[in-house]
Amino acid sequence: MGVRLTRDMRGLATLDRFLRQLPPDTYFRAFAMDAAAYATDVMMRMVCRPVEWRWRWIADREDLVADMPEIDHWVSPVTIIAWVWVGKDPKTLNSLILDQVATIDRMLPIEDSENHEEDDGGEDEELGEDE
């Protein structure tokens, strides 16, 4: 369709401009799904640390979602694409994807490491010896 994309937010801006210039009645789900896959790739690259995800079909919504079982969360990138293409959402595609990245980042558990626990224990012991 003549849209040049990169695997970063600049590509989302290009896709956003392209979708906004299309009339809502030209919505084509197959293309929307491809655009959604691209947006999902960009989104998952922006999450603060790797999170496993998979495509999952939700039958009652008739929707393909990016499912992240580790955090019990899913995102519907096809819906986000439709908001921009059909609904001409005032938020840009960049902004909508960044909102999802922030949500995913908040839901990820804080990383615990054995090294942090050992360091904390060592400092407490040293403080106890000096007293």
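Can you give me the number of residues within region 95-131 that are exposed (fewer than 14 other Cβ atoms within 10 Å of the Cβ), outside any helix (DSSP H, G or I) and modelled with pLDDT of 50 or more?
5
From A59, A36, grab the single residue that is out of contact with any strand residue (DSSP E or B) (no Cβ under 7 Å at 6 or more places or on another chain), at pLDDT 95 or above and within 12 Å of I97 (Cα to Cα).
Criteria check complete, one pass: A36.
Considering each residue of region 38-94, count those that are outside any strand (DSSP E or B), over 19 Å from D105 (Cβ atoms) and of a type in the set (A, V, I, L, M, F, W, C), and give that number.
So the answer is 8.
The values are calculated or read from the model by the stated rules, or taken from the named source; none is laboratory data. In this text, all values refer to a predicted model and were calculated from it rather than measured experimentally. As a convention, Cβ positions derive from the backbone with ideal geometry for all residues, glycine included, and neighbour counts pool all protein chains shown.
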